[in-house]
Amino acid sequence: MTQAPRIAAPADLVLAWYDRHHRDLPWRVSPPMAARGERPDPYRIWLSEVMLQQTTVQAVKAYFALFTSRWPTVTDLARAETEDVMKSWAGLGYYARARNLKKCAEAVAFEHGGVFPDSEDGLKALPGIGDYTAAAIAAIAFNRRSAVLDGNVERVISRLHAIETPLPAAKPEMRALVAAMTPADRPGDFAQAMMDLGATICTPRRPACALCPLNAACRVLGREDPELYPRKAAKKAKPVRLGAAFVAEDETGAIFLRKRGETGLLGGMTEVPGSGWTARIDGETGPAAAPFAADWQACGTVTHVFTHFELRLSIYRSTVPHHVQAGDGWWQAKETLDGEALPTVMKKAIRQAIPDAFSRR
DNA sequence: AAAACGTGGTA
DNA sequence: TTACCAAGTTT
């Protein structure tokens, strides 16, 4: 008997590629592990997804290990001190994620009996979980047939279909195309496969199209430069802001720190005292902006690039008596500085004033 | 809906 | 060195 020639569905091609070429990641239950009966832990999937928002796999690995070691379950995290969570998150960036992580853990532990909702809608109602993360957790942890669209998938889909609409306007169209492509069987693996494909084959620059399981179907390959997709609106230039930071050391080697407000830039994190960060007005960036009078010595500048502006901080240092107080700050022993909730820009400022302030890096 | 929100790596 | 990029969410 004869059969009509069958064209493999794109999802099957992607899944077959994933079975051979998936990345092994600390939070992932890969196909061989699944074959041994292992199931994903929604807590670990959620934690990894939040950490991975706008953040590289490489950067996340150490933080994921630290968090899961220190707080093995969502209830452990819910019972943690927020300050300890911020300290552990320090350096990873986008600190609203850490504040929402703690709130989300509390909601799951205390309002959902310690069990994550297993639907996209239920997940999306939680703090810090948006469209992408809700779909990803639903698919990966609960095997729901949800359409997972992240930056990787946007790249794959935009090239596969030669989508001319620029992002973010193209998102609904892309989501519909992903939804149509997502299989009822193994939707979680399909989502992870599409992201791995975007991360390792369909890369932003120099994609390895020859190795792509979708190359035969790709509308861009062979016609145009894939690097031109997805189309994106041009980015705006970053303004420069100026400021001053004051690193005070007492005779025991302790450093004066204080806590930033809970919201906004670096919200809830620790800082050294400083001036405001002014938009280009060369205003009070000298010792007059100091938190208390002292023999402030200029010791250079630190440049730090944030998402939407570049900061040039003038650094001042001084040695002062221990009893000096200013507002709600405190003196922190230098040996314990590593454990503080200091964002990178503040570590840079302290290191500029006191090169051996931190144990390494 | 556009802007705010971190950091480190790569070319 | 400048520019872009990385598993986005919130307001």
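Quick notes
- Any hit, the range A:320-329, residues being under 18 Å from A:D250 (Cβ atoms) and either acidic (D, E) or at pLDDT 95 or above (or both): yes
- Restricting the search to helices (runs of 4 or more DSSP H) fully inside the range A:1-99 and requiring at least 1 residues that are surrounded by 18 or more Cβ atoms within 10 Å (Cβ to Cβ) and away from DNA strand B (no atom under 16 Å from the Cβ) gives A:10-21, A:42-51, A:57-70, A:74-79.
- Among the residues of the range A:131-154, the ones that are open to solvent by 30 Å² or more (accessible area, probe 1.4 Å) and within 16 Å of DNA strand B (Cβ to nearest atom) come to 4 in all.
- Residue within the range A:155-172 that is part of a helix (DSSP H, G or I) and open to solvent by 50 Å² or more (accessible area, probe 1.4 Å) present: yes
- Scanning the range A:321-337 for residues that are among the aromatic types (F, W, Y), more than 23 Å from A:V85 (Cβ to Cβ) and not assigned by TED's automatic domain parsing to the domain that holds A:G91 turns up at least one hit.
- In the set (1) within 16 Å of DNA strand B (Cβ to nearest atom); (2) on the phi > 0 side of the Ramachandran plot, A:F306 fails one condition alone, (2).
- Taken over the range A:244-262, the residue count meeting the criterion of being in contact (Cβ under 8 Å) with a residue 12 or more places away in the chain, within 28 Å of the chain's Cα centre (by Cα) and not in a strand (DSSP E or B) is 1.
- Count of the range A:235-266 residues which are open to solvent by 80 Å² or more (accessible area, probe 1.4 Å) and in contact with a strand residue (DSSP E or B) (Cβ under 9 Å, 6 or more places away or on another chain): 3
- Matching residues, the range A:189-223, being loosely packed, with under 15 Cβ neighbours inside 10 Å and either farther than 13 Å from A:S158 by Cα or in contact with a Cys (Cβ under 7 Å, 6 or more places away or on another chain) (or both): A:R205, A:R206, A:A208, A:A210, A:L211, A:A216, A:G222, A:R223
- Of the strands (runs of 3 or more DSSP E) lying entirely inside the range A:295-361, those carrying at least 2 residues that are of a type in the set (G, A, S), surrounded by 12 or more Cβ atoms within 10 Å (Cβ to Cβ) and in contact (Cβ under 8 Å) with a residue 60 or more places away in the chain are A:310-320.
- Matching residues in the range A:118-129 - criterion: being in contact with a Leu (Cβ under 7 Å, 6 or more places away or on another chain) and either open to solvent by less than 20 Å² (accessible area, probe 1.4 Å) or among the charged types (D, E, K, R) (or both): A:I129
The values are calculated or read from the model by the stated rules, or taken from the named source; none is laboratory data. On a predicted model such as this, the values are computed, not experimentally measured, just so you know. Note that we place each Cβ from the backbone using ideal geometry, even for glycine, and neighbour counts take in every protein chain shown. Each accessible area value is taken on the protein alone, full model and side chains, heavy atoms only, with ligands, DNA and RNA left out. Shrake-Rupley method; radii C 1.70, N 1.55, O 1.52, S 1.80 Å.
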